[in-house]
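No value in this document is a laboratory result; all are computed from the given coordinates. All figures in this text were calculated on a predicted structure; none of them were measured in a lab. Every residue, glycine among them, receives a Cβ derived from its backbone with ideal geometry; neighbour counts consider all protein chains shown.
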Amino acid sequence: MRAAEEQVRGPGRPAAASREDVLDAALYRYLRGQRVDVQAIAAELGLGRSTIYRWFGSRDGLIGEAIVAATRPVFAKARRGARGKGAHLLLDIFDRFNRRLADAPALRSFLEHEHDAALRIITTSGGTVQPQMVEMICSVIEAEIEAGSYDPPVDAADLAYAIVRLAEAFLFREPIAGRRGDVDRLRNVEAALLGIPRPRRRS
């Protein structure tokens, strides 16, 4: 088998870079606040740009997948650290997640340097990021429903979509830096969406 592969590639010739290699290269740049340059990645990996576009559709598609890859561990950490059950657990997950996004240097840098492109990539329903964010949010809502800890006011998928769109409106309408007050307001509105009553004010 190895001899057959060498006949195809030629002895000593390295294997061609994979789709995962391209995503890793994009993720490396994104996490360091560098511009994700398709031409530079193609040259680095010995690929044609057409190959990268075939795999990811566009630069937006490549960056979108890099953002999702960077965001999944952040969401997982928020989920592990959250406490409570039902609506209160969900609110804690979402609040922890939102605050980590608001503090994420890579995301902040992307929004500051390529704001229009960043908004398009993050908030387009036909893109990569928003549908996967909705899927992540929906998964924790459904877990609480299945546990018998939460009865949502609307369908779980619709609630997840509303939660994601709400976060987009509060976090991404302007560059993230300096918008911590919006994260606090976002928590209050998410609580209302989840059906958590506001604490009564002391008279």
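Run lengths n ≥ 4 of DSSP H only: what is the helix-derived mean residue ellipticity at 222 nm for the chain, with -39500 (n - 2.57) per run over all residues, to the nearest 500? Calculated from helices alone, the mean residue ellipticity at 222 nm is -22500 deg cm²/dmol.
Across the chain, Cα pairs under 8 Å and at least six residues apart give a relative contact order of 19 percent. Separation of the stretch 75-142 and the stretch 37-73, taken as the distance between their Cα centroids, equals 21 angstrom. For Kirkwood radius over Cα pairs in Å, one of [x] 17.1; [y] 18.9; [z] 17.7 was computed from the structure I shared and the rest are decoys. Which label? Of the labelled values, this structure produces [y].
Using the 10 angstrom Cβ neighbour count as an exposure proxy, how do 196, 67, 93 rank, fewest first? Don't skip to the answer; put the middle values down first.
On the way: 196 15, 67 26, 93 23.
So the residues, fewest neighbours to most, are 196, 93, 67.
Report the GluC sites (Glu not before Pro) located in the stretch 97-176 that are in a DSSP loop and have at most 16 other Cβ atoms inside 10 Å of their Cβ, or state none. Answer by residue number: 114. Each residue of the stretch 102-114 is assigned a 3J(HN,Hα), and the resulting list reads 5, 9, 6, x, 5, 5, 4, 5, 4, 5, 6, 8, 9 Hz, derived from the Karplus form 6.51 cos²θ - 1.76 cosθ + 1.60 (θ = phi - 60°), x at Gly and Pro.
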